[in-house]
1. Check the range 6-23 and report whether any residue there is modelled with pLDDT of 85 or more and aromatic (Phe, Trp, Tyr).
2. Report whether or not Cys85 is in a loop (DSSP other than H, G, I, E, B) and in contact with a Lys or Arg (Cβ under 9 Å, 6 or more places away or on another chain).
3. How about the range 51-76: which of its residues are at pLDDT 95 or above and surrounded by 16 or more Cβ atoms within 10 Å (Cβ to Cβ)?
Amino acid sequence: MSYDTINILHLEQFKSKIELLETRLERNVLIIELKFYKQQILCPICGSAHIRFLEYKYKKIIHSISTHEKSVIRWHMRRYQCKLCKKTFSESNPLSRLK
C-alpha cells in the first residue's frame, strides 16, 4: 500500500483501516481501488450481531485529485444479511464523513 497515495487522497485518518489500495490508469481516468478491513457491524433494523456476508458491491466515488485528469475511487462496499430478521444492508461509507 502506498502511503503517498493515502496522503494525496487525504485518507491519513483511515491508514490503519485500509485493507486494499491500488491504482491504475484506464482510458485516461485514474482508478483507485479501495477496500477497508471488515468492522464489527450490527443489523440496523433489529440490532442483532448475527449477520452474514453476502457480496461486494462496487461504488464509484468521484474524486478530484487534480484538475488535469479525472479520478475515481472504486470502493469495495460489503453487503450483509441479518440472520435474525433476514433484512439486507450495506456497511456505511466512512468517506462520507470526511470534512
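1. Taking every residue of the range 6-23 in turn, none turns out to be modelled with pLDDT of 85 or more and aromatic (Phe, Trp, Tyr).
2. When the stated conditions are applied, Cys85 does not pass them.
3. Ile51, the sole residue that qualifies.
The values are calculated or read from the model by the stated rules, or taken from the named source; none is laboratory data. What you are looking at is a predicted structure, and each value in this text was computed from that prediction instead of being measured. So basically every Cβ, Gly included, is an ideal-geometry build from the backbone, and we count neighbours across all protein chains shown.
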